Amino acid sequence: MSDSPVDPDEVEHIAGLARVELSAEERERFADQFGEILSAFEALDEVPETDSEPELTNVMRPDEVRDSLDQAEALRNAEETEDGKFKGPRVS
Amino acid sequence: MSENIYITETTIEGDEDGPLAGRTVAVKDNISTEGVRTTCGSAMLEEYVPPYDGTVIERLKAAGATIPGKTNMDEFGMGTTTETSAFGSTDNPAAPGHVPGGSSGGSAAAVAAGEADLALGTDTGGSVRCPAAFCGVVGIKPTYGLVSRYGLIAYANSLEQIGPLAPSVEEAAELLEVIAGPDERDGTTRDATDHGSDYEYAEAADGDVDGLEIGVPTELLDGADDRVVDQFWNAIDDLEARGASYHEVSLPSLEHAVEAYYVIAMSEASSNLARFDGVRYGTSGGYDGNWNEAFAAAREEGFGEEVKRRILLGTYALSAGYHDKYYKKAQDARAWIQQDFDEALSEADVLASPTMPVTPFELGESLDDPMKMYLADANTTPVNLANLPAISVPVGDDPGLPVGLQLVGPAFGEKRLIRAGSALA
């Protein structure tokens, strides 16, 4: 087990940040598994600080007007739409 | 068919003429096909029908290929066995009762069973090479940027590439010729001709290994099964007999590849999969409550357990207080691994290892133990972290026990890998 065990409350907190509801059973199981997985990740402590010099270049193109998906196509996979717009749950 | 290779069987016709005319190419179900549902192996996208084709699909059609179906896969590419699919597991045609590997298990199984002539998979940490090895076929993970990802539903953008699966190296090279090349709709693509290569991959499949210098990273043999290691050395002996030579080399950074890979992949996944909230596509469930509650309920229902595990661990690794400990150290490891590969490839033409340290698991064997599954990716994940090309070719003479040999080359060194790999398959 990890020296910084993860408890079900912490799993619940992370799940809230990630917007994923969990069952009580999943919370318990994930807490155990996360302890083991995160303790394996601790081995990264041994990795030396390493400079990386990626070759980065900006990729640009002229801003030209062109056809895009039409509204009906863009909305086709949504479960709920209204007046040509996506309909989501209420904000609060 | 009994193996459960396809999630959706269909017939998408290509043009009449072209280099792939008359051939079938099965496509992994995370690559967008216009008008044909694309599920990513997830209940979340069970009904999702893309309104456009991915670039590789356009290129397949223009090359005359026929697409016979969308293949089964681990949910969103997250798995090494194809068992995390919401559409059930796939049996391994080369070793019945065993997993086909993953995450592109359906694509490899389609080729192994002769259900398709060729197939496309995607490789984020080994997802083309692992199933190729487990099903006894050839798989190529191209250099990062060689193949457009436009229309590929993202799991971990900085790591993944679309790659070919085929019965032989030459046929895999023919398919790579069709899909490779820059695309203005994917700003990370690069032109191989700017990097010392051309796109004539198939003609490189001449099996000429005379004078080839092979480096064998000892770290990638250490944890492997004896049976796998025996077959690996038999294949190296075979290459030696044909004029190649080998030396052992140590790449200490590779000991940290699995951890670095999972931290980076999970972190990117936690961000990429935020889009699945059930509003624009996916399962919304019609839940009550405010939007956070409704999204959380839809995601609980639509995602399987492995996907939730990775989203949560990625969220954790990026959260305040843990970012430096996990994500930043994983990026250090990534840079270190790149340096080690550069150095090793300055002394060798290619690096060789077993593709997978194990033979295929029995169906159901590894589902309960995520760490066991992650550790099976020890030999494939370093290649994605280093943005390099690699090929897996079947070796060994036991038909019930598929073993793959992996060759890794320098960036845009696909032709070198194809030439060397074609000596074996």
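The values are calculated or read from the model by the stated rules, or taken from the named source; none is laboratory data. The model shown is predicted, which means the values in this text are computed figures rather than measured ones. Cβ atoms come from the backbone with ideal geometry, glycine included; neighbour counts cover every protein chain shown.
Descriptive notes on the structure:
- Residues in the range B:297-313 include none that are in the same structural domain as B:ALA86 (by TED's automatic domain parsing) and surrounded by fewer than 22 Cβ atoms within 10 Å (Cβ to Cβ).
- Of the residues in the range B:361-378, at least one is within 13 Å of another protein chain (Cβ to nearest Cβ), of a type in the set (A, V, I, L, M, F, W, C), in contact (Cβ under 8 Å) with a residue 12 or more places away in the chain and under 22 Å from B:THR143 (Cα atoms).
- Look at (1) at pLDDT below 95; (2) within 14 Å of B:VAL178 (Cα to Cα) and you find that B:MET1 fails only one, number (2).
- Qualifying residues in the range A:76-87 (those that are out of contact with any Lys or Arg (no Cβ under 9 Å at 6 or more places or on another chain) and surrounded by 13 or more Cβ atoms within 10 Å (Cβ to Cβ)) - the one modelled with the highest pLDDT: A:ARG76
- Pairs where the first residue, in the range B:197-224, is of a type in the set (Lys, Arg) and the second is surrounded by 21 or more Cβ atoms within 10 Å (Cβ to Cβ) and at pLDDT 95 or above, C-beta under 6 Å, 6+ apart: none
- Test: residue in the range B:269-285 that is in contact with a Leu (Cβ under 7 Å, 6 or more places away or on another chain), facing another protein chain (nearest Cβ under 9 Å) and at positive phi: yes
- Set side by side, the residues A:GLU73, A:GLU21 differ, and just one is within 7 Å of chain B (Cβ to nearest Cβ), out of contact with any Ser or Thr (no Cβ under 9 Å at 6 or more places or on another chain), part of a loop (DSSP other than H, G, I, E, B) and modelled with pLDDT of 90 or more, which is A:GLU21.
- Positions within the range B:24-35 being farther than 16 Å from B:SER127 by Cβ and under 22 Å from the mean Cα position of the chain (by Cα), in sequence order: B:THR24, B:VAL25, B:SER32, B:THR33
- Residues satisfying the stated conditions in the range B:338-359, i.e. within 14 Å of chain A (Cβ to nearest Cβ) and under 21 Å from B:GLY421 (Cα atoms): B:PHE341, B:ASP342
- Options B:THR143, B:THR71, B:THR82; residue that is of a type in the set (Val, Ile, Thr) and on the phi > 0 side of the Ramachandran plot: B:THR82
- Number of residues in the range B:159-181 that are out of contact with any Leu (no Cβ under 9 Å at 6 or more places or on another chain) and either in a loop (DSSP other than H, G, I, E, B) or acidic (Asp, Glu) (or both) equals 3.
- Per the conditions (1) more than 7 Å from every other protein chain (Cβ to nearest Cβ); (2) under 24 Å from the mean Cα position of the chain (by Cα), the sole criterion not satisfied by B:LYS308 is (1).
- Residues satisfying the stated conditions in the range B:376-417, i.e. over 17 Å from the mean Cα position of the chain (by Cα) and part of a helix (DSSP H, G or I): B:LYS415, B:ARG416
- Here B:ILE67 fits the description: without any contact (Cβ under 8 Å) to a residue 60 or more places away in the chain and touching a strand residue (DSSP E or B) at 6+ places or on another chain (Cβ under 8 Å).
- Answer from B:THR90, B:THR84, B:THR124 - the residue that is surrounded by 24 or more Cβ atoms within 10 Å (Cβ to Cβ), under 30 Å from B:GLY187 (Cβ atoms), β-branched (Val, Ile, Thr) and in contact (Cβ under 8 Å) with a residue 24 or more places away in the chain: B:THR124
- Qualifying positions in the range B:247-282 - in contact with a helix residue (DSSP H, G or I) (Cβ under 6 Å, 6 or more places away or on another chain) and farther than 23 Å from B:GLY125 by Cβ: B:ASP277, B:GLY278, B:GLY282
- Meets criteria (buried (at least 24 other Cβ atoms within 10 Å of the Cβ), within 23 Å of the chain's Cα centre (by Cα) and facing chain A (nearest Cβ under 10 Å)) for B:ALA335: no
- Sole residue being farther than 29 Å from B:GLY278 by Cα and touching a Phe, Trp or Tyr at 6+ places or on another chain (Cβ under 9 Å), chosen from A:LEU69, A:LEU44: A:LEU44
- Condition met for B:SER353 (crowded, with 24+ Cβ neighbours inside 10 Å, among the hydroxyl-bearing types (Ser, Thr, Tyr) and either over 22 Å from B:LEU251 (Cβ atoms) or assigned by TED's automatic domain parsing to the domain that holds B:GLY125 (or both)): yes
- Residue in the range B:64-72 that is under 19 Å from the mean Cα position of the chain (by Cα) and in a loop (DSSP other than H, G, I, E, B) present: yes
- Within the range A:37-69, the set of residues being more than 9 Å from chain B (Cβ to nearest Cβ) and surrounded by 10 or more Cβ atoms within 10 Å (Cβ to Cβ) comprises A:SER39 only.
- Candidates are the residues of the range B:7-31 that are hydroxyl-bearing (Ser, Thr, Tyr) and over 18 Å from B:PRO164 (Cβ atoms); the one that is surrounded by the fewest Cβ atoms within 10 Å (Cβ to Cβ) is B:THR11.
- On inspection, B:VAL178 fails the criterion of being touching a helix residue (DSSP H, G or I) at 6+ places or on another chain (Cβ under 8 Å) and closer than 30 Å to B:PRO360 by Cα.
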